[in-house]
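A.B. asks: Submitted below is the structure of interest, expressed as C-alpha cells.
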Amino acid sequence: MLRDRGGSERGTVAIVVALSLTLLLAFAALVVDVGLNWAARTSAQTAADSAALAGASTLLLDGPAAAFETVEDFLDNNQIDLPAAAGWADDGVVSNGEVVCWTMPNAPPDPPPGPGLNCPDGSNALQVITPPINVQYAFAPILGRDSNSIKATAAAGAGPAAPNNCVLCLLEPSAERALEVVGTGGVDVDGGGMVVNSENLLAMVLTSSNNVSADQIRVIGGFQDLGGGGTFVPPAEAGGPPVPDPLANLPTPNNLPAPPVLQSTTPVVVATDQTLQPGIYSTITVQDNAVLTLEAGVYVFRGSDGLTIEDGARVRSTPGGGVTIYLACSGYPTPCSGLGARFRVQDDGRYQASAPTTGAYAGLSIFADPGNTRAMQLQSDRDLTLNGALYGVSTPVLLENPTGDLTVNSLMVVDSLRVPFRTVSVRYNPRVPLPGVGGPVLIR
C-alpha cells in the first residue's frame, strides 16, 4: 500500500510551525519584556540617583528629617510608588525600600542598623534603595513568568569629605610648588581628601623625610617625590577637574545682616591684659606676654600688619563666644586686589580663640578677602590649633623656621602651602558646623 506522503509532510510542517511559533513567542518575550525590564530599571536608577543627590545635599544643610522628606519627594516626582506605611524609609526592612545615612569616609552600614536608626545626626552621605517597581510582562506569562520586581540603589556624599572634594584645598591654578613639603615637614589629613589645583608639572613636590597623607591625594598637574624618605599615602593621582572653592558663597562682613562697625583707625598695641569688642580695626599687635580677650563676633583688619601675636602673648575668646578674623585691605569694604592684612604668629605667640558655632560664619576661624594675596606666616615656637576653618583662596601659607605645628580642626582652603620643618594637620569633622558645603556627588 502506498503511504500518504502529503499527509505526513503536512503533519511535519504543523509540528515545525508549532515549534517555530513557540520560539517566536519566546523571542518576542525576550525582546519586549527585556525592553520593559530595562526601561523600568533605567527609570528606577534615575530616580534613585536624583533622590540620593538631593537628599545628601539637604542632609548636610538641614539634617536627617529634611533629607528623608527630600528623598521621598524626588522618588514621587519620578513616578516611584511609595509604600503607604509611614516610616518605610527607616523601618529596617530593605524589601520595601530603605534610606541609610552615614559619615564618610566610612562605608555605608550593611545591613541597615534598624528601625529609626538609619540617619544619625552629623551624617554627610546618604544611600537610597528604592521601593520595588513591579513590571508586568507582556509575553513572558506564556513561559510562566508574569512579572518582575525591580529596585535600584544609589548613594551620594555632600561636603568636603565627598570623593574628589577636599578638606585641604590648595586653589592656586598654575604655580610651581603649590604644595611643597621639605626637610622634616609633613602633611596629615584626616576625614577627607586633599586637592592641589595647580596644573603646573611641578605642582606638588615632596622632598621631606615625612609623609603626605590623606584619604585621597589629587593634583591637577604633576608631582614629584624627590627621595627624602617620605611618600604620598595613598599614591597621588594626577589629572581630573580642579576642585571648586567649597566656601565660595560666603558673604563678606559688610554683607552680613549686622555688619561690623568701626572701632579704630589707628594701630592698637596690646602690652597688658585687655579685652576688645568686635568691629573694624587697622592693626592689632599683642606683645609682652599680654593676654588679649576678644568678645564674640567678627574682627576686620584693614592695615597690612593685621593681627600680629608675638613675644609670648596670647589671644583668646570669651568663654562660650566665637571669633572670626577677617583679613581685608585698606579700602574695605572694597574688595582686595593684592596685598592686604596679614595674620602672623611669631616668637612664642599663641592664638587660642574659638570659632563661632552659629551664624553666617559658623565654624570659620580665619577668613581672608578672596583677593588678599598677603602670605600668612607662622613662625611661633608654639603649636597653633584652629578649631574652625582657615579660608583664604589667594593666601599662601608658610610655616617658617622656627615654627610649631599647625592643626586645623575643620577645612583648610588656601592658595598654596609650604611646609619645611613641621607638620600641618587637617582634621575634618562633619559634625562641626560650617558656613558652606561642596556639591553632592554620586559615590555608588
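The values are calculated or read from the model by the stated rules, or taken from the named source; none is laboratory data. Everything quoted here is computed from the prediction, not taken from an experiment. Backbone-built Cβ (ideal geometry, glycine too); neighbour counts: all protein chains shown.
A.B. asks: On the given criteria, is S282 in contact (Cβ under 8 Å) with a residue 12 or more places away in the chain and closer than 24 Å to N429 by Cα?
C.D. replies: No, not satisfied.
A.B. asks: Quick one: how many residues across the range 259-310 are at positive phi and out of contact with any Pro (no Cβ under 6 Å at 6 or more places or on another chain)?
C.D. replies: So the count comes out to 3.
A.B. asks: Restricting attention to the range 78-97, which residues are surrounded by 12 or more Cβ atoms within 10 Å (Cβ to Cβ), over 16 Å from G114 (Cβ atoms) and of a type outside the set (A, V, I, L, M)?
C.D. replies: Selection gives N78, D81, P83.
A.B. asks: Would you check which residues across the range 89-100 are under 29 Å from the mean Cα position of the chain (by Cα) and within 16 Å of T130 (Cβ to Cβ) and list them?
C.D. replies: Those that are under 29 Å from the mean Cα position of the chain (by Cα) and within 16 Å of T130 (Cβ to Cβ): A89, D90, D91, V94, G97, E98, V99, V100.
A.B. asks: Name the strands (runs of 3 or more DSSP E) wholly inside the range 330-444 in which the number of residues that are over 15 Å from the mean Cα position of the chain (by Cα), surrounded by fewer than 19 Cβ atoms within 10 Å (Cβ to Cβ) and β-branched (V, I, T) is 3 or more.
C.D. replies: none
A.B. asks: Filter the range 174-190 down to the residues that are touching a Pro at 6+ places or on another chain (Cβ under 7 Å) and of a type outside the set (V, I, T) and list them by number.
C.D. replies: If the condition is that a residue be touching a Pro at 6+ places or on another chain (Cβ under 7 Å) and of a type outside the set (V, I, T), then G183, G185 are the ones that fit.
A.B. asks: Mind counting the residues in the range 207-242 that are in contact with an Asp or Glu (Cβ under 7 Å, 6 or more places away or on another chain), surrounded by fewer than 22 Cβ atoms within 10 Å (Cβ to Cβ) and not in a loop (DSSP other than H, G, I, E, B)?
C.D. replies: The qualifying residues number 2.
A.B. asks: Right, something else. N255 versus (1) farther than 24 Å from Y326 by Cα; (2) of a type outside the set (D, E); (3) free of Cβ contacts under 8 Å to residues at least 12 places away in the same chain: which is the lone unmet condition?
C.D. replies: (1)
A.B. asks: Turning to a different aspect of this structure: Being of a type in the set (A, V, I, L, M, F, W, C), in contact with a Lys or Arg (Cβ under 9 Å, 6 or more places away or on another chain) and touching a residue at least 40 places away in the same chain (Cβ under 8 Å) narrows it down to one residue among L327, L339; which is it?
C.D. replies: L327
A.B. asks: Ok, one more. Looking at the range 141-148, can you tell me whether even one residue there is part of a helix (DSSP H, G or I), over 20 Å from Y428 (Cβ atoms) and in contact (Cβ under 8 Å) with a residue 12 or more places away in the chain?
C.D. replies: Yes.
A.B. asks: Those residues that are modelled with pLDDT under 90 and charged (D, E, K, R), I need them from the range 351-381; list them, please.
C.D. replies: Result: D381, single match.
A.B. asks: In the list G321, G404, which residue meets the criterion of being in the same structural domain as G186 (by TED's automatic domain parsing), under 22 Å from G186 (Cα atoms) and either touching an Asp or Glu at 6+ places or on another chain (Cβ under 7 Å) or in contact (Cβ under 8 Å) with a residue 40 or more places away in the chain (or both)?
C.D. replies: Result: G404 is the single residue among G321, G404 that is in the same structural domain as G186 (by TED's automatic domain parsing), under 22 Å from G186 (Cα atoms) and either touching an Asp or Glu at 6+ places or on another chain (Cβ under 7 Å) or in contact (Cβ under 8 Å) with a residue 40 or more places away in the chain (or both).
A.B. asks: Scan the range 66-77 residue by residue and report those that are charged (D, E, K, R) and crowded, with 16+ Cβ neighbours inside 10 Å.
C.D. replies: Selection gives E72 alone.
A.B. asks: Kindly indicate whether any position in the range 146-155 is under 30 Å from D49 (Cβ atoms), in contact with a strand residue (DSSP E or B) (Cβ under 9 Å, 6 or more places away or on another chain) and of a type in the set (D, E, K, R).
C.D. replies: Within the range 146-155, one or more residues are under 30 Å from D49 (Cβ atoms), in contact with a strand residue (DSSP E or B) (Cβ under 9 Å, 6 or more places away or on another chain) and of a type in the set (D, E, K, R).
A.B. asks: Residues to consider are G185, G159; find the one that is touching a residue at least 12 places away in the same chain (Cβ under 8 Å), buried (at least 19 other Cβ atoms within 10 Å of the Cβ) and over 16 Å from V243 (Cβ atoms).
C.D. replies: G185
So that you can scan it fast, the table gives a plain yes or no per residue for (1) buried (at least 16 other Cβ atoms within 10 Å of the Cβ); (2) not small (G, A, S):
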{"residue": "P246", "(1), (2)": "yes, yes"}
{"residue": "N254", "(1), (2)": "no, yes"}
{"residue": "A258", "(1), (2)": "no, no"}
{"residue": "P267", "(1), (2)": "no, yes"}
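A.B. asks: Let me ask something else. Part of a loop (DSSP other than H, G, I, E, B) and either modelled with pLDDT under 80 or closer than 30 Å to P246 by Cβ (or both), is that true of E180?
C.D. replies: No.
A.B. asks: Would the range 195-206 turn up any residue that is acidic (D, E), surrounded by fewer than 23 Cβ atoms within 10 Å (Cβ to Cβ) and within 20 Å of G159 (Cα to Cα)?
C.D. replies: No, the range 195-206 contains no residue that is acidic (D, E), surrounded by fewer than 23 Cβ atoms within 10 Å (Cβ to Cβ) and within 20 Å of G159 (Cα to Cα).
A.B. asks: Out of A375, A389, which single residue is small (G, A, S), more than 19 Å from E295 (Cβ to Cβ) and without any contact (Cβ under 8 Å) to a residue 40 or more places away in the chain?
C.D. replies: From the options A375, A389, the qualifying one is A375.
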